[in-house]
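Here the structure is laid out as structure tokens; the discussion comes afterwards.
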Amino acid sequence: MAPDASDADQRISARSIRRRKGGVPIVCLTAYTYPVARLLDDHVDLLLVGDSVAMVLHGHKTTLGASLEMMIAHGQAVMRGSAKACVVVDMPAGSYEDSPRQAVASARRIVKETGCQAVKLEGGVAVARQIAAIVAAGIPVMGHIGLLPQSVESEGGYKIKGRSEENVAALFRDADAVEKAGAFSVVIEGTVETVAADLTRHISIPTIGIGASGDCDGQSLV
């Protein structure tokens, strides 16, 4: 259910978050349900409907248990409980990787059925075309680099990023790709603190740290 015009006018927009680069730190918390969204809404800038809901509420071992329908259902609940925060809904694994066309179709469905302000997807260089296509379709995108929960099985577990020169170089390429593709902000997860701080200074869009650096433009907690 999308909010009415008066609700939309009160909300923090993705554009407003983009303008917060280097300014007052951005506060982001994860919400999956109506009552939690109501409790948090007055105290945060961003509410992230994370695919971690698959683990936290549905008992899956990884975020790969999240489906598009699951994310939409929880996105709807959070939107009903929120009036102020910028609500971002995760795009689950399998909903965007195949092609820009698939990514746009999934993003449009999420926004249409929830009324959220933006979507988030994981990856940098590998999904730059998908990010650009979604942005071109008029939907704001939050990027996500560093430790990628949707890739933990292929990477053999949760591994901290930024511990080798090669990996650091790859992180910078990912950050540049996400910014160039038009994302309004980017999550940096599970990354060596000094590297995350350098990434924050390197790009012109806000960074949201999850187990990264206090020097990021904002922080998120699940």
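The values are calculated or read from the model by the stated rules, or taken from the named source; none is laboratory data. Remember, predicted model here, so these are calculated numbers, not experimental data. Cβ sites come from the backbone with ideal geometry, for glycine too, and all protein chains shown count toward neighbours. Just so you know, the surface numbers come from the protein's heavy atoms only, side chains and all, with ligands and any DNA or RNA stripped out. Shrake-Rupley method; radii C 1.70, N 1.55, O 1.52, S 1.80 Å.
Laid out as a table, the results:
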{"item": "Residue 196 part of a helix (DSSP H, G or I) and under 19 Å from residue 20 (Cα atoms)", "result": "yes"}
{"item": "Selection count where residues are within 21 Å of residue 36 (Cβ to Cβ) and either within 17 Å of the chain's Cα centre (by Cα) or without any contact (Cβ under 8 Å) to a residue 40 or more places away in the chain (or both), scope the stretch 112-125", "result": "7"}
{"item": "Count of the stretch 163-190 residues which are open to solvent by less than 10 Å² (accessible area, probe 1.4 Å) and either in a loop (DSSP other than H, G, I, E, B) or under 17 Å from residue 126 (Cβ atoms) (or both)", "result": "8"}
{"item": "Tabulated pairs, the stretch 174-186, first at pLDDT 95 or above, second open to solvent by 40 Å² or more (accessible area, probe 1.4 Å) and of a type in the set (D, E, K, R), C-beta under 6 angstrom, 6+ apart or interchain", "result": "184/18"}
{"item": "Residues (over 23 Å from residue 38 (Cα atoms) and open to solvent by 20 Å² or more (accessible area, probe 1.4 Å)) located in the stretch 74-103", "result": "93, 94, 97, 98, 99, 100, 101, 102"}
{"item": "Search result, residues across the stretch 153-162 that are touching a strand residue (DSSP E or B) at 6+ places or on another chain (Cβ under 8 Å) and either of a type in the set (Lys, Arg) or open to solvent by less than 60 Å² (accessible area, probe 1.4 Å) (or both)", "result": "161, 162"}
{"item": "Those helices (runs of 4 or more DSSP H) lying entirely in the stretch 1-109 with at least 3 residues under 21 Å from residue 185 (Cα atoms) and at pLDDT 95 or above", "result": "14-18, 68-81"}
{"item": "Any hit, the stretch 137-157, residues being in a loop (DSSP other than H, G, I, E, B), over 14 Å from the mean Cα position of the chain (by Cα) and within 24 Å of residue 52 (Cα to Cα)", "result": "yes"}
{"item": "Residues (open to solvent by less than 40 Å² (accessible area, probe 1.4 Å) and either without any contact (Cβ under 8 Å) to a residue 60 or more places away in the chain or of a type in the set (Asp, Glu) (or both)) located in the stretch 41-66", "result": "41, 44, 45, 47, 51, 53, 54, 65, 66"}
{"item": "Candidate set from the stretch 122-133 (those that are part of a helix (DSSP H, G or I) and touching a helix residue (DSSP H, G or I) at 6+ places or on another chain (Cβ under 7 Å)); member that is most open to solvent (accessible area, probe 1.4 Å)", "result": "129"}
{"item": "Number of positions in the stretch 134-152 that are within 16 Å of residue 99 (Cα to Cα), crowded, with 23+ Cβ neighbours inside 10 Å and small (Gly, Ala, Ser)", "result": "0"}
{"item": "Set 98, 41, 45: member being acidic (Asp, Glu) and under 15 Å from the mean Cα position of the chain (by Cα)", "result": "45"}
